[in-house]
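Novice: Pasting a structure below so you can have a look.
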Amino acid sequence: MLAYVGARLIQAVPVLVLASLVIFGFIRLIPGDPALTLAGQNATTEQIEALRHRFGLDRPLVAQYLTWISHAARGDLGVSYISDRPVADLIRQRIPATIQLALGSVLVMLLIGGPIGVLAAIRPRNPFMRLVGIIIAIALATPTFWLGLLFILYFSVSRHWLPASGYVSFVESPVDAATHLLLPALTLGTYGTAVLIRFLSTSISDALQADYVRVAYAKGLRERSVVIRHALQVALPPVVTIMAIQFGQLLGGAVVTESVFGWPGLGRLILDAIGNRDYLVVQSTMLLFVTIFIALNVAADVVYALLDPRIRFG
């Protein structure tokens with residue numbers, strides 16, 4: 001098992017390096033000059049060049065990349081051009097809000113998508129399941145920002161049930177935190193819930209067609225026991241992979257959701273940094289997202305291997 005984990009980690013290294021190159025290259029394509037943004041429109045050429053030299057922007061791109069990635073590998077993410085604060089401190093300050101939002105969205109996926117996915121597999125012709133299928137199609141086609149605005153208009157503006165924006169930590173007040181978290185978590189988790197329902201129902205439906213499941217029914221086992229003990233165990237490993245991918249996508253989707261709800265997480269940090277041409281903040285935060293995504297996929301593969309020994313011994 002250790003050899004399998006080691007091999008997966010080694011395979012992840014070139015992916016991470018390639019991702020860092022893509023991130024660095026695309027950010028350099030953003031129009032604008034950080035030195036000009038910081039100095040202002042009335043700054044002299046000498047002042048702008050001094051700032052470019054201070055930030056190392058006058059160096060060749062290869063040298064800038066090697067400096068950034070070598071420092072990042074040691075945990076040094078650099079200093080923000082705008083706030084003059086270490087990027088690691090900015091990320092450390094914002095990441096609890098993003099994790100809270102991502103975990104809330106995963107909870108929405110599991111609490112809603114899990115039971116409905118199982119029900120859709122064992123009762124596919126139920127009229128309610130047909131309605132669910134229509135809702136899933138709509139959820140998959142609806143942009144996140146538009147769904148968030150609809151939730152705000154109905155639950156906050158029209159009904160006054162939930163706050164339209166703001167963030168409260170669970171450490172400060174669990175009740176207020178849950179109240180402020182509900183709409184953003186629903187918005188961010190809706191797409192993943194639809195994916196989970198569709199994937200889980202398909203996996204369980206396939207498992208229910210297996211011969212050993214028919215034998216279990218022939219032995220007189222109740223439907224609940226057959227689904228939980230047999231079908232669900234077979235369908236679970238692929239679902240683990242899907243959940244890991246969806247969690248990684250939640251981090252990326254948080255950029256839009258946090259902007260709609262005024263959520264002070266890493267998504268808002270990236271948007272503000274892009275507007276200010278704060279290269280190091282954007283690069284380091286996006287690299288963190290990619291690292292988390294890769295780590296989740298490696299963890300999912302390990303869990304998959306634990307659930308199915310054929311993977312690690314195949």
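Novice: Residue by residue through the stretch 247-254, which ³J(HN,Hα) values in whole Hz follow from phi under the Karplus form 6.51 cos²θ - 1.76 cosθ + 1.60 (θ = phi - 60°), with glycine and proline marked x?
Specialist: 5, x, 5, 4, 5, x, x, 5
Novice: Kirkwood hydrodynamic radius (Cα pairs, Å) of the stretch 221-262?
Specialist: When all Cα pairs of the stretch 221-262 are included, the Kirkwood radius is 12.6 Å.
Novice: Rg and Dmax of the stretch 1-113, using alpha carbons, in Å: what are they?
Specialist: Over the stretch 1-113's Cα set, Rg and Dmax evaluate to 19.2, 62 Å.
Novice: Here's another thing I want to ask about it. Could you give the dipole magnitude of the stretch 2-73 about its Cα centre, charging the beta-carbon of Lys and Arg +1 and that of Asp and Glu -1, in debye to the nearest 20?
Specialist: 280 debye
Novice: What order do you get for 107-120, 260-273, 14-27 when each peptide is scored by the mean count of other beta carbon atoms within 10 Å, highest first?
Specialist: So the order, starting with the most tightly packed, is 260-273, 107-120, 14-27.
Novice: Here's another thing I want to ask about it. Just from its helices, what would the mean residue ellipticity at 222 nm be for the chain, if runs of 4 or more DSSP H residues each count -39500 (n - 2.57) and the sum is divided by every residue, rounded to the nearest 500 deg cm²/dmol?
Specialist: Rounded to the nearest 500, the figure is -24500 deg cm²/dmol.
Novice: How many Å³ per residue does the convex hull of the Cα positions in the stretch 61-109 occupy?
Specialist: 115 Å³
Novice: Could you state the orientation-averaged shadow area of the convex hull built on the Cα atoms of the stretch 220-289, in nm² to one decimal?
Specialist: Here the figure is 6.5 nm², rounded to one decimal.
Novice: Here is a follow-up. Which values of log₁₀ I(q)/I(0), to two decimal places, follow from the Debye formula for the stretch 88-241 at q = 0.08, 0.14, 0.20 Å⁻¹ with a uniform point scatterer at every Cα?
Specialist: Cα-only, vacuum Debye calculation for the stretch 88-241: -0.32, -0.80, -1.19.
Novice: State the answer as a single residue: which of Val239, Leu153, Gly275 lies farthest towards the positive end of the charge dipole of the chain, with beta carbon charges of +1 for Lys and Arg and -1 for Asp and Glu, about the Cα centre.
Specialist: Result: Val239.
Novice: Note down the magnitude of the dipole of the stretch 140-288 about its Cα centre, charges +1 on Lys and Arg C-beta and -1 on Asp and Glu C-beta and zero elsewhere, to the nearest 20 debye.
Specialist: So the magnitude is around 560 debye.
Novice: Using the Kirkwood radius over Cα pairs, work out the Stokes-Einstein diffusion coefficient for the chain at 37 °C and 0.692 mPa s, in µm²/s as a whole number.
Specialist: The estimated diffusion coefficient comes to 147 µm²/s.
Novice: Another question, if that's okay. Past the 15 angstrom mark, what percentage of all C-alpha to C-alpha distances in the stretch 150-221 do you count?
Specialist: It works out to 69 percent of all Cα pairs.
Novice: Using modelled amide H (1.01 Å from N, peptide plane; none on Pro or chain starts), what sits under 5 Å from the amide H of Val79, excluding residues fewer than 5 places away?
Specialist: Val87
Novice: Helix 266-275 versus the longest principal axis of the chain: what angle, 0 to 90°, nearest 10, using Cα atoms?
Specialist: 40 degrees
Novice: Against the longest alpha carbon principal axis of the chain, how many degrees, from 0 to 90 and to the nearest 10, is the axis of helix 174-208 turned?
Specialist: 50 degrees
Novice: In the Gaussian network model of the chain, springs joining C-alpha atoms below 10 Å, which of Gln283, Gln233, Gln100 carries the largest mean-square fluctuation?
Specialist: Gln233
Novice: With an 8 Å cut-off on Cα pairs and a minimum separation of 6 or more residues, tell me the relative contact order of the stretch 232-314 in percent.
Specialist: 37 percent
Novice: Let me ask another. What FRET efficiency, computed as 1/(1 + (r/R0)^6) with R0 = 30 Å and r the Cβ-Cβ distance, is obtained for Phe145 and Asp206, rounded to the nearest 0.05?
Specialist: Calculated transfer efficiency: 0.30.
Novice: Let me ask something else. Going by C-beta contacts inside 10 Å, put Asp33, Asp211 in order with the fewest on the left.
Specialist: Going from least to most buried by this count: Asp211, Asp33.
Novice: For the stretch 1-94, which trypsin sites (Lys or Arg not before Pro) pass both filters: DSSP loop (anything but H, G, I, E, B) and at most 16 other C-beta atoms within 10 Å?
Specialist: Answer in residue order: Arg74.
Where a number appears in this text, it was derived from the coordinates with a stated rule and is not lab data. Since the model is a prediction, treat every value here as computed from it, not as a measurement. Positions of Cβ are generated from backbone atoms using ideal geometry, with glycine treated the same way; all protein chains shown enter the neighbour counts.
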